[in-house]
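Notes to accompany the following structure.
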Amino acid sequence: MDEELTPLDCLLPSGTQRICLIILNQPLDKDYLHILWSKALMRACADGAANHLYDITAGVRDSFLPDYISGDFDSITAEVKAFYADKVDAIVTLGGLAGRFDQAMASVETLYHALSMTRLPLLIIQETSLAYLLRPGSHRLEVNTGLEGDWCSLIPVGGPCQTITSGLKWNLNNQVLQFGKLVSTSNTYEPVAPANPRKPVILTTDQPLLWSMGIRKHRE
């Protein structure tokens, strides 16, 4: 016997199949949805399927948030797209900054592609470092969680960046960051008295600018 399968195991509350649930742009059966959703390890909607999920889960939508919504987005309504997009604050990638230098640079290059793919912040975390590509504009970075390490940096990877900052030990006053001229590596935060909270970093840049910072790991 090469393969054994119980096709309807996925619909049995006592079934043991581990499933990935993909919802297509068709009317949904509420009973099936509840059973399959509770058993799925991953849940995805294909474009307009999110409309059906949104409608059928009225009143309990926060309990039915898909892991992915994909497609060309010609079917999903603006209301539904906005609802699900608002449920995620950031995308975090674990790994990508250690090992081979060329692969770390490829991770940074991916951050540039992501600017046109999502408005969500995309963070890369590995070991004691975090990297985040700032969009052109103004930013407020809260740095008083207690997890911050001692160092931070602003690196103009894609080209010259005219930059203004506050909250750093060495602030920039409308200066241009550029390789071969000025790069703000090995910076740190504005000193404060031990009992006072650390001030946020306020930053304005006219071009995408790579922010990186140290992470202090908790010690049990």
- Message: Of everything in the stretch 45-73, what is part of a helix (DSSP H, G or I), surrounded by 12 or more Cβ atoms within 10 Å (Cβ to Cβ) and not acidic (Asp, Glu)? Give them in sequence order.
- Response: Ala49, Ala50, Asn51, His52, Leu53, Tyr54, Ile56, Arg61
- Query: Going through the stretch 76-97 one residue at a time, which ones are in contact with a helix residue (DSSP H, G or I) (Cβ under 7 Å, 6 or more places away or on another chain) and open to solvent by less than 50 Å² (accessible area, probe 1.4 Å)?
  - Reply: Ile76, Val80, Phe83, Tyr84, Gly96
- Note on the structure: Those residues of the stretch 131-171 which are among the charged types (D, E, K, R), loosely packed, with under 13 Cβ neighbours inside 10 Å and in contact (Cβ under 8 Å) with a residue 40 or more places away in the chain amount to Arg140, Glu142, Asp150
- Message: Cβ-Cβ distance below 8 Å, separation of 6 or more or different chains: which pairs start in the stretch 45-74 with a residue that is within 16 Å of Lys30 (Cα to Cα) and end on one that is surrounded by 17 or more Cβ atoms within 10 Å (Cβ to Cβ) and among the basic types (Lys, Arg)?
- Response: Pro66/Arg43
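Residue-wise test of (1) within 24 Å of the chain's Cα centre (by Cα); (2) surrounded by 14 or more Cβ atoms within 10 Å (Cβ to Cβ); (3) within 27 Å of Ala98 (Cβ to Cβ).
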site: Asn173; (1), (2), (3): no, no, no
site: Ser186; (1), (2), (3): no, no, yes
site: Pro194; (1), (2), (3): no, no, no
site: Leu203; (1), (2), (3): yes, yes, yes
site: Leu209; (1), (2), (3): yes, yes, yes
- Query: Which ones in the stretch 26-44 are assigned to a strand (DSSP E or B), open to solvent by 50 Å² or more (accessible area, probe 1.4 Å) and either closer than 15 Å to Gly15 by Cα or out of contact with any Cys (no Cβ under 9 Å at 6 or more places or on another chain) (or both)?
  - Reply: Leu41
- Query: Lys199 versus (1) more than 21 Å from Leu133 (Cβ to Cβ); (2) of a type outside the set (Asp, Glu); (3) out of contact with any strand residue (DSSP E or B) (no Cβ under 8 Å at 6 or more places or on another chain): which is the lone unmet condition?
  - Reply: (3)
- Task: Could you please find all residues in the stretch 86-105 being of a type in the set (Asp, Glu) and assigned to a loop (DSSP other than H, G, I, E, B)?
- Result: Asp86, Asp89
- Query: Looking at (1) of a type in the set (Val, Ile, Thr); (2) under 25 Å from Ile164 (Cα atoms); (3) in contact (Cβ under 8 Å) with a residue 40 or more places away in the chain, can you tell me which one Thr128 breaks?
  - Reply: (2)
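The values are calculated or read from the model by the stated rules, or taken from the named source; none is laboratory data. Only a predicted model underlies this, so the values are computations on that prediction, with no experimental measurement involved. We place every Cβ from the backbone using ideal geometry, glycine too, and count neighbours over all the protein chains shown. These accessible areas exclude ligands, DNA and RNA; they are computed on the full protein's heavy atoms, side chains included. Shrake-Rupley method; radii C 1.70, N 1.55, O 1.52, S 1.80 Å.
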